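**Q** So that we are looking at the same thing, I have put the structure below in structure tokens.
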Amino acid sequence: MKHQLIQQLMVEKAVTVKQCCQLLGLSRSGLYAARRRVRQPQGLCGTRVRLRSLFEANGQCYGSRRLRKELASEGIEIGRYRVRSLMKELQLKPIWKPKFVHTTDSNHNLPVYENVLDRQFEQAEANRAWASDITYIRTLTGWLYLA
């Protein structure tokens with residue numbers, strides 16, 4: 001509103017820009033910056049859409065650094081802090097996904113076998129005791145278990 005008033009007074013040649021800014025408590029640089037902002041087209045609309053689609057396509061887990069790299073690979077040059085502020089504006093918060101899944105359920109009513117070996121892995125004869133280990137392998141389709 002103040003900027004429009006100053007513009008109108010300048011058109012009427014009533015007062016100078018300096019006098020208007022002092023009267024209304026504005027800086028001249030702020031006035032000129034506001035004029036430039038009005039003249040500039042809103043060029044980030046497509047960037048916002050692309051940013052949201054990249055965020056969704058990558059499982060909502062990409063932060064500003066990864067999203068900036070993805071945008072740069074598509075030819076959209078934008079700074080990391082600008083990506084961060086756009087993410088804040090669009091309310092895009094990366095979701096942290098745990099990489100380890102606890103699979104042991106000790107709270108059950110099933111029978112539990114006693115520990116016969118009791119960590120005595122050295123046996124007098126062959127094939128008297130067998131031991132195994134299990135490994136969890138994370139894949140794109142889920143967890144695989146290797147014993």
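The values are calculated or read from the model by the stated rules, or taken from the named source; none is laboratory data. Everything numeric in this text was worked out from a predicted model, so none of it was measured. For neighbour counting, all protein chains shown are included, and Cβ atoms are generated from backbone atoms with ideal geometry for every residue, glycine included. Keep in mind that these areas ignore ligands, DNA and RNA; they rest on the heavy atoms of the full protein, side chains included. Shrake-Rupley method; radii C 1.70, N 1.55, O 1.52, S 1.80 Å.
**Q** FRET efficiency for Arg84 and Leu23, Cβ-Cβ distance as r, R0 = 30 Å, nearest 0.05?
**A** Step by step, r from the Cβ atoms, then E = 0.20.
**Q** Just to confirm the filter: which GluC sites (Glu not before Pro) across the range 65-99 are DSSP coil and have at most 10 other Cβ within 10 angstrom of their Cβ?
**A** Qualifying residues, ordered by number: Glu74, Glu77.
**Q** Leaving out ligands, DNA and RNA, and with a 1.4 Å probe, what % of the accessible surface on the chain is carbon or sulfur?
**A** 53 percent
**Q** Right, here's the next one. Anyone know which of Val11, Val83, Val116 comes out most mobile in the 10 Å Cα GNM of the chain?
**A** Comparing Val11, Val83, Val116 in a Gaussian network model of the chain, the most mobile one is Val116.
**Q** Here's a follow-up. Could you give the size of the charge dipole of the chain about its Cα centre, using +1 on the Cβ of each K and R and -1 on the Cβ of each D and E, expressed in debye and rounded to the nearest 20?
**A** So the dipole magnitude of the chain works out to roughly 1920 debye.
**Q** Return one whole number: the accessible area per residue of the chain in Å², for a 1.4 Å probe.
**A** That works out to 87 Å² per residue.
**Q** Among Met87, Ile6, Ile76, flag the residue with its Cα farthest along the positive direction of the charge dipole of the chain, charges on Cβ as +1 for Lys/Arg and -1 for Asp/Glu.
**A** The listed residue farthest towards the positive side: Ile6.
**Q** How large is the accessible surface of Ser64 in square angstrom, using a 1.4 angstrom probe and rounding to the nearest 10?
**A** Approximately 20 Å² for this residue.
**Q** Keeping all protein chains in position, work out how much accessible area Val15 exposes to a 1.4 Å probe, and write it in Å² to the nearest 10.
**A** 60 Å²
**Q** Still on this structure, please answer the following. Compute for the range 87-129: radius of gyration divided by Kirkwood radius, i.e. Rg/Rh, restricted to C-alpha atoms, rounded to two decimals.
**A** Values: Rg = 23.1 Å, Rh = 16.3 Å.
My calculation puts Rg/Rh at 1.41.
**Q** Answer with one residue from Val112, Val17, Cys45: the one whose Cα lies farthest towards the positive end of the charge dipole of the range 1-138, charges on Cβ with Lys, Arg +1 and Asp, Glu -1.
**A** Val17
**Q** Principal axis lengths of the range 55-139 from Cα atoms, whole Å, largest first?
**A** 69, 31, 18
**Q** Under the Kirkwood approximation applied to all pairs of distinct alpha-carbon atoms, what is the hydrodynamic radius of the chain in Å?
**A** 22.7 Å
**Q** Protein chains only, probe 1.4 Å: how do Cys21, Cys61 rank by accessible area, largest first?
**A** Cys61, Cys21
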